[in-house]
Structures are given as C-alpha cells and as structure tokens.
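See below for the structure under consideration.
The values are calculated or read from the model by the stated rules, or taken from the named source; none is laboratory data. As the structure is a prediction and not an experimental result, all values here were calculated from the model. Don't worry about glycine lacking a Cβ; one is built from the backbone with ideal geometry, like all the others, and counts go over all protein chains shown.
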Amino acid sequence: MAGRPVALARAVSACLLAAGVSGAPGPVLSDTTASSKSRAQLFASQTRLLDTRAATQYANAARLAPTSIAPEPVPRFDGSYRGEFLPVARRAARQHAIPEDLFLRLVQAESAWRPAAVSHKGAIGLAQLMPGTAALLRVDPRDPRQNLEGGARYLRMMYDRFGTWRLALAAYNAGPGAVERHGGIPPYRETRNYVRVILGE
C-alpha cells in the first residue's frame, strides 16, 4: 500500500514531462511573466512609433488646411456676358459643387468668354486649360463644353486638395506645386491679382 502513492506520483511526473509541462511551478510563472513584459514593451514601442508617424502625416496634411469652417464669401458674377455658354458654365459648376458665381468669375477672368482664346503660355479656351491638364482630364480643350466641364472639374480637384477656394484659385492659376512650395498663395503678382479679382477683393 505504501508503495502505490510513490509509484503513482512517479507516473504523473513522467506524463507531465512527456507533455512538456514541468512539475516545478516557479520557472513557468517566471517565463510567462517575462513574456508578458516583452509583449507589453513591444506594444508600447509600436504605439509610440505609430503615434509619431500619425502626427507627422497629420501635420503635413493639415499645413495648408483652412483654419475656419466658415464659408468663403463669393461676390456675384457681374459680367455683361449673356451668351450660350453661360448656362453651360453654370451646369458645370453645379455638377462639381462649385459656387456658380465663383466659376463664372473665373471664366470671365480667364478668357472673357472667348471660346477660341489662346494665351501666350498655350492655355486654351473658355477656362484656359493647358494641353497637359486637358489630357489629364481627358477633355478636348477646343470644345467649349468640354473645356468648361474640365475647368470646373480641375478647380474642384484643387479645392479638394487645398481646402479653400482662395488656394484652389491660386493653384488653378500658378499650379498646385507652386502653392505647396510657398505654403499658400505664391508671391507672383499675376496670381495674387488673379485671386483678388475673382474673389472681388
């Protein structure tokens, strides 16, 4: 009878060893604790890295973002043009969620509503699209209706990129790269006057 408990204990120990489980509780608890600490440290390190990256990305994205959500005032279009392309321009503005008066003032400033206008830089048509921009938008810049739709779409792209109509107009005139390089409206007399005229300042 006295030998049976000893034999049973030996059998249990053998089974535990075969299963890879130690009969000594101390080392197992220590390994688990160390593993938990390592995981916690790794998690904290990864969190700090993600926080840093997120902060950097947010700062870059928000650098040119508007500081106010108040709508920008847009003066009414007061040009004398009442020709066939006026309703086309209005539809293009509505299609791309652009204030109608803003887009009409842009077309007035760009071409004075002359569909065959070509600038000394090579910009074409009512909305004065550069050939490369027109190709990007997949529109024919010499077709007045496509030109207006492309111009409205491009202006909206600039607004979505920079967050204000002021910066969108500057990018439309001088290019988005210039707005990014200067952190706002570039110090070009033409661009600054262009923005002021369209916004009625």
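Please work out if ALA127 is touching a helix residue (DSSP H, G or I) at 6+ places or on another chain (Cβ under 8 Å), under 21 Å from PRO99 (Cα atoms), hydrophobic (A, V, I, L, M, F, W, C) and part of a loop (DSSP other than H, G, I, E, B). Considered against the rule, which asks whether it is touching a helix residue (DSSP H, G or I) at 6+ places or on another chain (Cβ under 8 Å), under 21 Å from PRO99 (Cα atoms), hydrophobic (A, V, I, L, M, F, W, C) and part of a loop (DSSP other than H, G, I, E, B), ALA127 comes out as yes.
Where helices (runs of 4 or more DSSP H) fall wholly inside segment 139-201, the ranges with 2 or more residues that are buried (at least 16 other Cβ atoms within 10 Å of the Cβ), among the hydrophobic types (A, V, I, L, M, F, W, C) and touching a residue at least 24 places away in the same chain (Cβ under 8 Å) are 144-162, 165-174, 189-199. I'd like to know if segment 109-125 contains one or more residues that are over 25 Å from the mean Cα position of the chain (by Cα) and over 29 Å from GLU201 (Cβ atoms). Within segment 109-125 (the criterion being over 25 Å from the mean Cα position of the chain (by Cα) and over 29 Å from GLU201 (Cβ atoms)), the answer is yes, since at least one residue qualifies.
Out of curiosity, is ARG196 closer than 25 Å to PRO71 by Cβ and under 24 Å from the mean Cα position of the chain (by Cα)? Taking the combined requirement at face value, the residue does not satisfy it.
For segment 61-92, the candidate set comprises residues that are assigned to a loop (DSSP other than H, G, I, E, B) and of a type in the set (A, V, I, L, M); within that set, the residue that is modelled with the highest pLDDT is VAL74. Yes or no: GLU84 surrounded by 17 or more Cβ atoms within 10 Å (Cβ to Cβ), more than 22 Å from the chain's Cα centre (by Cα) and among the acidic types (Asp, Glu)? It is false that GLU84 is surrounded by 17 or more Cβ atoms within 10 Å (Cβ to Cβ), more than 22 Å from the chain's Cα centre (by Cα) and among the acidic types (Asp, Glu). Mind listing just one residue for me: the one in segment 93-138 that is in contact with a strand residue (DSSP E or B) (Cβ under 8 Å, 6 or more places away or on another chain) and within 16 Å of GLY175 (Cα to Cα) and, of those, surrounded by the most Cβ atoms within 10 Å (Cβ to Cβ)? For segment 93-138, the residue satisfying everything is ALA134.
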